[in-house]
Amino acid sequence: HTRYISVTGVQTCALPIFAGKEGSVVGSANPKTLEVTYYPLAENSLAIYIHVAKNGDVWFTELTGSKVGRIRKGVMTEIVLPIANSRPISIDTSPNGSVYMTLEAANSMGYIPSQIARGPASGLQTNAIQQLFVATPGVKPAGGAFTSTGQFWFGANAVDEMIKLDKPKTLIEIPQGTSGSTYHRSAYMGHKMFWTELSTDRIGYLKGVR
């Protein structure tokens, strides 16, 4: 009853990687040998999102554990978030290697600068995570994604809007679509930013996003 909620695999990662939500575990599976490697987390941590960076580092969020984690060459490191019970949702890496995450209950997004994210485990401390807060309270940041130019966007499932990180470190709220849509995950392709809507069974998108 682990309920594997997220799976990913890219060219820089030799094996498929998964996050087990109810089993509080992340791991990898070898399709050839059928061997599975587990990285157990604290009970009820709820591993939810997982992402493989270009350098092969695996990053993941722990929804109720209020942590994000990194797996590098078989070694797992967890980072406690600055605000307790932040409920981290999505996690992704920018073109320069910085790590970005959305924090549903903290009404913010967090990021780890590239030099720290790519550095040794000793640098992955709580104070390494910087936060940017959304002006409107209670928006509940959800799934995020990067554009082709490295701009970070994420959905807000309580207020039906997409939010983009603009320079310098400014969050811009852009209302979208039907009220009560409950935005969930985001993806970028072909100069369009897509998102899923849990409450309407729809997929929305914005054109001309770069």
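A few comments on the model shown:
- Percent RCO, i.e. relative contact order, over the stretch 11-64, from Cα pairs under 8 Å lying at least 6 residues apart: 33 percent
- The chain, accessible area per residue, ligands and nucleic acids excluded (1.4 Å, Å²): 49 Å²
- Mean sequence separation of contacting Cα pairs (under 8 Å, at least six apart), scaled by the length of the chain, corresponds to a relative contact order of 10 percent.
- With a Förster radius of 25 Å applied to the C-beta separation of Y38 and A121, the computed FRET efficiency comes to 0.85.
- GluC sites (Glu not before Pro), loop per DSSP, at most 16 other Cβ atoms within 10 Å - longest free stretch of the chain: 44-210
- Label-point separation, H184 to K167 (7 Å along Cα→Cβ), nm: 3.5 nm
- Within the chain, all pairs of alpha-carbon atoms sorted by distance into 5 Å bins from zero give the percentages 1, 8, 16, 20, 21, 17, 11, 5, 1, 0.
- Taking the protein heavy atoms of the stretch 119-200 in the context of the full set of protein chains, the accessible area attributed to carbon and sulfur is 56 percent at 1.4 Å.
The values are calculated or read from the model by the stated rules, or taken from the named source; none is laboratory data. Just so we're clear, the structure is a prediction, and the values are computed from it rather than from any experiment. Because the Cβ atoms are built from the backbone with ideal geometry, glycine has one as well, and the counts that use them run over all protein chains shown. Quick note on the areas: whole protein, heavy atoms, side chains included, nothing else; ligands and nucleic acids left out. Shrake-Rupley method; radii C 1.70, N 1.55, O 1.52, S 1.80 Å.
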